[in-house]
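Have a look at the structure below before the remarks.
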Amino acid sequence: MSTHYVHVFISHSWAYSGVYKKLEEWIFKPNHSYGQASVNFRNFSVPKNDPIHNAANDRQLREAITAQIKPCHVVVIPTGLYATHSKWINIEIEIAKAYNKPILAVDPWGQQRASTVVTSAATARVGWNREPLVKAIWNLYYGNK
C-alpha cells in the first residue's frame with residue numbers, strides 16, 4: 001500500500017473560526033485510504049497560533065500566503081458570504097489560480113446562500129459532510145497527477 005501526502009490549504013476568516021476548526025478536524029484528524037492508497041493530508045493553512053497577519057504590509061502578507069498555497073495540492077474555501085467581501089480570500093483565490101491549484105468550495109451547514117466569488121472560482125463544490133469533502137480533496141489531488 002502506497003502513501004500519498006496531500007497538502008491542503010484551508011482558507012478562512014478567524015471571525016468564522018468554527019467552520020475552519022470543523023474542516024480541519026474532518027480533513028486532518030482521521031486516517032484516510034482510497035483503494036490501495038493510504039492518504040495523509042497535510043495542513044498548509046495559516047494556524048491561529050502561528051499567524052502571518054503580523055506582516056508589516058500587504059505585500060509581505062501576500063508573499064506569506066503565496067508561500068503557504070504554492071506547495072499545496074488543493075485549496076479549500078468555505079462559501080460563506082463573508083468570503084465575497086474578504087480582501088484576503090479574494091487574494092487567496094487569485095494565488096491559487098496563478099499556481100493552477102484546484103479550489104474546493106464547501107457549503108457550511110445550514111447556509112442558505114453562497115459566495116459567488118468562491119463558487120465561480122471553484123473546481124468542485126461539496127456540502128457540509130466529512131466523507132464527500134475528503135473524497136473531493138482526494139479526487140482533485142489524484143486527478144491532477
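FYI, it's all coordinate maths here, none of it is from the lab. Nothing here was measured: the structure is a model prediction, and the numbers come from that model. Because the Cβ atoms are built from the backbone with ideal geometry, glycine has one as well, and the counts that use them run over all protein chains shown.
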Once you have the Cα-Cα distance between Gln36 and Ala67, take 0.36 nm times their residue separation minus that, and quote the gain in nm to one decimal. 8.0 nm
In order over the range 3-12: 3J(HN,Hα) from phi, Karplus 6.51/-1.76/1.60, θ = phi - 60°, whole Hz, x for each Gly or Pro, gives 10, 10, 9, 10, 8, 10, 10, 9, 6, 6
Based on DSSP, what percent of beta bridges with both residues in the range 2-143 are antiparallel, to the nearest 5? 15
Report the relative contact order of the chain, percent, no decimals, based on alpha-carbon pairs under 8 angstrom and at least 6 residues apart. 24
Listed residue (Trp88, Thr66, Phe41) projecting farthest to the positive dipole end of the chain, Cβ model: Phe41
Any idea what angle helix 17-28 forms with the longest principal axis of the chain, computed on alpha-carbon atoms, 0 to 90 degrees, nearest 10? 30
Can you list the equivalent-ellipsoid semi-axes of the chain, largest first and in whole Å, using the square root of 5 times each Cα gyration tensor eigenvalue? 23, 18, 14
Between helix 130-143 and the chain, what is the angle of the helix's C-alpha long axis to the longest principal axis, kept within 0 to 90° and rounded to the nearest 10? 90
